[in-house]
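What follows is a set of notes on a single structure, which appears directly below.
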Amino acid sequence: MGNREDLLTAAKHCLETKGYTRTTARDVAGAAGVSLAAIGYHYGTKEALLQAALVQALEEWGEELGRTLGESPSGGFAEQWDRVIESFAANRALWSVQFELLAQRDLPPEVRELFAGAHRQARLGLVELFGGAPPGAQAQVGALYQALLGGLAAIWLADPAGTPTGEDLLSAMRAIVR
C-alpha cells in the first residue's frame, strides 16, 4: 500500500477506536507511519481524510450487509431484520461515529452532504436488499427501511438486549396495518 491507502486505513482505525471528534491528525499520521504533511498532500485536511474513511467504512458495511442478507434471499422480513440487527454488533464503532457526528449542533455542510448522499443511496440499496417495492413506491419504502435501520441502531447502541427483533417489527407493522 502507498501513503494514501495507509492514511485511509489508519483513519478508519482511529474512527473505530477514538471516534471522529477525538481523532487528531497526529493520531492518523502516527497510525499510518507517515508524516503529518502526508495528510495535506493526499487529502487536503484531516476532516477530508476522516470523511473519506467514513464513506469507505459505510460502503464496506453496506456490501457486508448485502452479502449477509443475500445468504438467505428467501428469508422473510423478520429474518432479514434480525440479520441487520446482528450486524450492529460487528459494526458498533461505525454506528457510534455516525451518531456522534449527527449529534453535533453545527454539523459542517460537507459532512451534512456526505450523510444526505449516503442516506439517498441507502434508501435505494435497502429496497433492493429487502426484495424490492411496488412500482412508484421505492422512495417511500426505502425511507421506511432507513427509518427502521437508524432507529434500531440507536436503540441497539443504548440497549442491545432491549432492541426489538425482526418478529417484533413484523408484528407491530401488522398491527398498524389492521
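The values are calculated or read from the model by the stated rules, or taken from the named source; none is laboratory data. Note that the structure is predicted; figures quoted are calculated from it, not measured. Using ideal geometry, Cβ is built from the backbone for each residue, glycine included, and neighbour counts are taken over all protein chains shown. These accessible areas exclude ligands, DNA and RNA; they are computed on the full protein's heavy atoms, side chains included. Shrake-Rupley method; radii C 1.70, N 1.55, O 1.52, S 1.80 Å.
Sort the range 75-146 into rounded, prolate or oblate with this rule: let a ≥ b ≥ c be the square roots of the eigenvalues of the Cα gyration tensor; rounded if a/c is under 1.5, and if a/c is not under 1.5, prolate when a/b is larger than b/c, oblate otherwise.
Since a/c reaches 1.5 but b/c is at least a/b, the shape of the range 75-146 is classed as oblate.
Can you tell me how much longer the chain between Thr68 and Gln56 gets when fully stretched, taken as 0.36 nm per residue apart minus their C-alpha distance, in nm with one decimal?
Full extension from Thr68 to Gln56 adds 2.5 nm.
Need one word for the range 22-109: rounded, prolate or oblate. Basis is the Cα gyration tensor (sqrt eigenvalues a ≥ b ≥ c); a/c below 1.5 gives rounded, then a/b vs b/c decides.
Taking the square roots of the gyration eigenvalues as a ≥ b ≥ c, the range 22-109 is prolate.
Determine the order of Arg83, Arg26 by accessible area, beginning with the largest, at a probe radius of 1.4 Å.
On the way: Arg83 50, Arg26 170 Å².
Largest to smallest exposure gives the sequence Arg26, Arg83.
Which whole-number value in Å² is the accessible area per residue of the chain, probe 1.4 Å?
55
What whole number of Å gives the distance from the Cα centroid of the range 1-59 to the Cα centroid of the range 60-109?
22
Evaluate the distance, in nm, between pseudo-label points positioned 7 Å from the Cα of Gln104 and of Ala139 along their respective Cα→Cβ axes.
A separation of 2.9 nm, rounded to one decimal place.
Report, to the nearest whole %, how much of the accessible area of the range 2-125 belongs to carbon and sulfur atoms, 1.4 Å probe, protein only.
Carbon and sulfur atoms account for 52 percent of the accessible area of the range 2-125.
Arrange the residues Leu144, Leu50 by how much accessible surface each exposes, largest first, with a 1.4 angstrom probe. Spell out each step's value before the answer.
On the way: Leu144 80, Leu50 0 Å².
The most accessible residue leads, giving Leu144, Leu50.
log10 I(q)/I(0), Debye, Cα-only the chain, no solvent, q = 0.11, 0.13, 0.14, 0.17 Å⁻¹?
The calculated log intensity ratios at q = 0.11, 0.13, 0.14, 0.17 Å⁻¹ are -0.54, -0.72, -0.82, -1.09.
For Cα pairs less than 8 Å apart in space and 6+ apart in sequence, what is the mean separation divided by the residue count of the chain, i.e. the relative contact order in percent?
22
Using helices alone, what [θ] at 222 nm do you get for the chain, with -39,500 (n - 2.57) per DSSP H run of 4 or more residues, divided over all residues and rounded to the nearest 500?
Calculated mean residue ellipticity at 222 nm is -25000 deg cm²/dmol.
State, to one decimal in nm, how far the label point of Glu47 lies from the label point of Gln121, with both points 7 Å from Cα in the Cβ direction.
The two pseudo-label positions are separated by 2.0 nm.
Answer rounded, prolate or oblate for the range 26-74, using the Cα gyration tensor with square roots of eigenvalues a ≥ b ≥ c: rounded when a/c is under 1.5, else prolate when a/b is larger than b/c, else oblate.
On the way: a/c = 5.27, a/b = 3.23, b/c = 1.63.
Because a/c hits 1.5 or more and a/b exceeds b/c, the range 26-74 counts as prolate.
Accessible surface of His42 in the full protein assembly, 1.4 angstrom probe, to the nearest 10 Å²?
Its heavy atoms expose roughly 50 Å² to the probe.
Rank Ile155, Ile176 by accessible area, highest first, at a 1.4 Å probe radius?
Ile176, Ile155
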